[in-house]
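Have a look at the structure that comes next, please.
The values are calculated or read from the model by the stated rules, or taken from the named source; none is laboratory data. Predicted model only: the values in this text are computed from it and were never measured. Every residue, glycine as well, gets a Cβ built from its backbone with ideal geometry; the counts of neighbours run over all protein chains shown.
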Amino acid sequence: MAIRAQHVENAEVRAANADGARSADGTLASGLLRLARWRLLAMHHAAGVGHLGGNLSAFDAMMLLHHEMLRPQDRFVLSKGHAAGAYYVTLWSRGLITDAELDSFHGEGTRLAGHPPARGVPAIRFGTGSLGHGVSLAAGLALSMQLQDRPGHVFCLTSDGEWQEGSTLEALIFAAHNKLVNLTILIDNNRLQGFGTTRDVASMEPLASKLAGFDVEIREADGHDLADMRRALSAGRERPTLVVLHTVKGYGVPAIEGRMDSHYLPLTDDQYREAVTGIGGLGA
Amino acid sequence: MRRQLCDALVERAARPDLVFLTGDLGFGALEPLRDVLDRRFINAGIAEQNMVGVAAGMASEGMEPWTYTIAPFCYARAFEQIRNDVCLHALPVRLLANGGGYGYGVMGATHHALEDYGVLSTLPNLHLFIPAFDEDVAATIAAAGALPGPAYIRLGRGELPAGTIAPAYAPWRRLRAGTGPVVVVVGPMAGPTLSALEDDAAEIWAVCELPLRVSPPPEAFVAALRKSRRLCVVEEHVAQGSLGQSLAAWCLETGVGLDGFRMLNAQGYPSGTYGSQAFHRQESGLDAPGIRAAVQAMGAA
């Protein structure tokens, strides 16, 4: 995309934010969600990078958590670090990363690398990217809150393929055994991984019933339906909660929805224009 | 050193944020610590990767986590958690690793730690401790606990010769002045080396903190080395990544010329058989005759 076009879009995004894209009642407004999805597409397209599929499948959940669920005493851990772009844009939509910084995504000298940085961005607590680390980190946060008698809840977003990592299961055993009721683990169950479907590569399907054998509370939701996710993420837990989000890789972008190559390939200019139009005409 | 470790941590347990995580080890040694820490003593089970990740999470919340397991299950099994979760974030997690070198003896190769500090020396922000004597453990725990970042503590078995009094703990310590070659010993090999060279003119130094970037050689050592121009480094660790290699590079970089240089290192399992720690040291030439012969070959006074 031409640099000028990028700047025009950024100006429109800023203007739209200033117009009050947030709902008055504190819920995540559909306008803001659309706007942020557009910013995510624009950022990836400008940077010419892929990994978009797993960003779009996790994006709605990340936005919902950051706009409705996370209180100051709560924590969020992105275990599927390859959804860094969605994380950066979510933080941008909360005013925690500047628009100019998003423009540096994936560039030389950026703080916003392809996976979240360990240090340098105050809103990001942990650098992740190698799968199988986030649930342990999140369990450490949740256990600390319990030992220090502090309120707070920890949300950890994992991928579905990540449950093939043994360390993730170590962490689940630990969380259940230590009764980390203040921990909610979300699984972005988009059913596609690096080189095939999760069913073809190393099936754990159906994931919810496989993991139900652990002493955790299993919930399921449509990962692109805000009302359904609100229900699944509601309180009332007596055990660690595991929410399986049924999602679509590349959600909202017809050219890549449910496709393997969305894991790697950047959008072409035509695909990008089509995607932006599909979101609702913003910037088109 | 487990008893001394337990005593040192019991002493420290009044700190409200201290938390101890064990990988299901410590039976017969750490019960007093469990009693005093109560719910802050956590048996994390046989899951070292998770244990280190949890500890990193706790450190990021301002707690003071200490993890404990057998050395290889820490640095080898959980290496990526040490690298990513602990070191990249510079979090103050203290990794207690029991059984440095051939410490687990006839338990076999899977339980030995022959390459731990070489591997871990490559990581950012990590400070390594290898106490030489049982008497060093309390000071080691205090020093590691005072750091703002992460530490790995390799524990072994102190073998201070009877009747000897070790100088107060320091990262580099002159154990004995001498006019012969300068012998540098890492951690618990100090005891056997002192015994082996009892009648020798060698000057003996013990090093208990690595790598050199956080624990540089002191001036007195440099002066002794410039005078002697002969250096022998004794370590229960493979040559690759050893202090000996680091010191060789340090000599070249700083212009300290040597007429003689020798490294005594763990050789793995040359006979393909197993035995006690003493057996494996002997096979590697890390026993008294081996050390004596190597130092004497460098010339007397």
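Out of segment B:258-299, which residues are among the charged types (D, E, K, R) and either loosely packed, with under 15 Cβ neighbours inside 10 Å or not assigned by TED's automatic domain parsing to the domain that holds residue B:192 (or both)?
B:259
Could you grab me the full set of residues in segment B:68-88 that are within 11 Å of another protein chain (Cβ to nearest Cβ), outside any helix (DSSP H, G or I) and either buried (at least 21 other Cβ atoms within 10 Å of the Cβ) or modelled with pLDDT under 95 (or both)?
Within segment B:68-88, just B:78 meets the criteria.
Next question. Pick from A:192, A:183: which is more than 14 Å from every other protein chain (Cβ to nearest Cβ) and either modelled with pLDDT of 90 or more or surrounded by 19 or more Cβ atoms within 10 Å (Cβ to Cβ) (or both)?
Exactly one residue qualifies, and that residue is A:192.
Of all residues in segment A:130-157 being in a loop (DSSP other than H, G, I, E, B) and at the interface with another protein chain (Cβ under 8 Å from one of its Cβ atoms), which is farthest from residue A:239 (Cα to Cα)?
The selected residue is A:130.
Right, something else. On the basis of being within 21 Å of residue B:209 (Cβ to Cβ) and either modelled with pLDDT under 95 or assigned by TED's automatic domain parsing to the domain that holds residue B:141 (or both), does residue B:116 make the cut?
yes
Return yes when residue B:93 is within 7 Å of another protein chain (Cβ to nearest Cβ) and of a type in the set (Val, Ile, Thr) and no when it is not.
Considered against the rule, which asks whether it is within 7 Å of another protein chain (Cβ to nearest Cβ) and of a type in the set (Val, Ile, Thr), residue B:93 comes out as no.
A follow-up question, please. Which ones in segment B:4-33 are of a type in the set (A, V, I, L, M, F, W, C), outside any strand (DSSP E or B), more than 22 Å from the chain's Cα centre (by Cα) and surrounded by fewer than 22 Cβ atoms within 10 Å (Cβ to Cβ)?
B:13, B:14, B:27
Condition check: touching a helix residue (DSSP H, G or I) at 6+ places or on another chain (Cβ under 8 Å) and at positive phi. Does residue A:152 satisfy that? Lay out the reasoning, then the answer.
Working: touching a helix residue (DSSP H, G or I) at 6+ places or on another chain (Cβ under 8 Å): yes; at positive phi: yes.
Yes.
Test residue A:120 against the criterion of being more than 8 Å from chain B (Cβ to nearest Cβ), surrounded by fewer than 18 Cβ atoms within 10 Å (Cβ to Cβ) and closer than 25 Å to residue B:62 by Cβ, and give yes or no. Before the answer, list the steps.
Numbers: more than 8 Å from chain B (Cβ to nearest Cβ): yes; surrounded by fewer than 18 Cβ atoms within 10 Å (Cβ to Cβ): yes; closer than 25 Å to residue B:62 by Cβ: yes.
So residue A:120 fits the description; yes.
On to the next question. For segment B:34-50, enumerate the residues that are more than 8 Å from chain A (Cβ to nearest Cβ) and part of a helix (DSSP H, G or I).
B:34, B:35, B:36, B:37, B:38, B:48
Kindly indicate the residue of segment A:86-100 that is touching a helix residue (DSSP H, G or I) at 6+ places or on another chain (Cβ under 8 Å) and free of Cβ contacts under 8 Å to residues at least 40 places away in the same chain and also farthest from the other protein chains (Cβ to nearest Cβ) among those meeting that condition.
For segment A:86-100, the residue satisfying everything is A:98.
Can you work out which of the residues in segment B:58-67 that are buried (at least 24 other Cβ atoms within 10 Å of the Cβ) and assigned to a helix (DSSP H, G or I) is farthest from the other protein chains (Cβ to nearest Cβ)?
B:59
Related question: Condition (residue is more than 28 Å from residue A:168 (Cα to Cα), modelled with pLDDT of 95 or more and facing chain A (nearest Cβ under 10 Å)) applied to segment B:12-20: is it met by at least one residue?
Yes, segment B:12-20 contains at least one residue that is more than 28 Å from residue A:168 (Cα to Cα), modelled with pLDDT of 95 or more and facing chain A (nearest Cβ under 10 Å).
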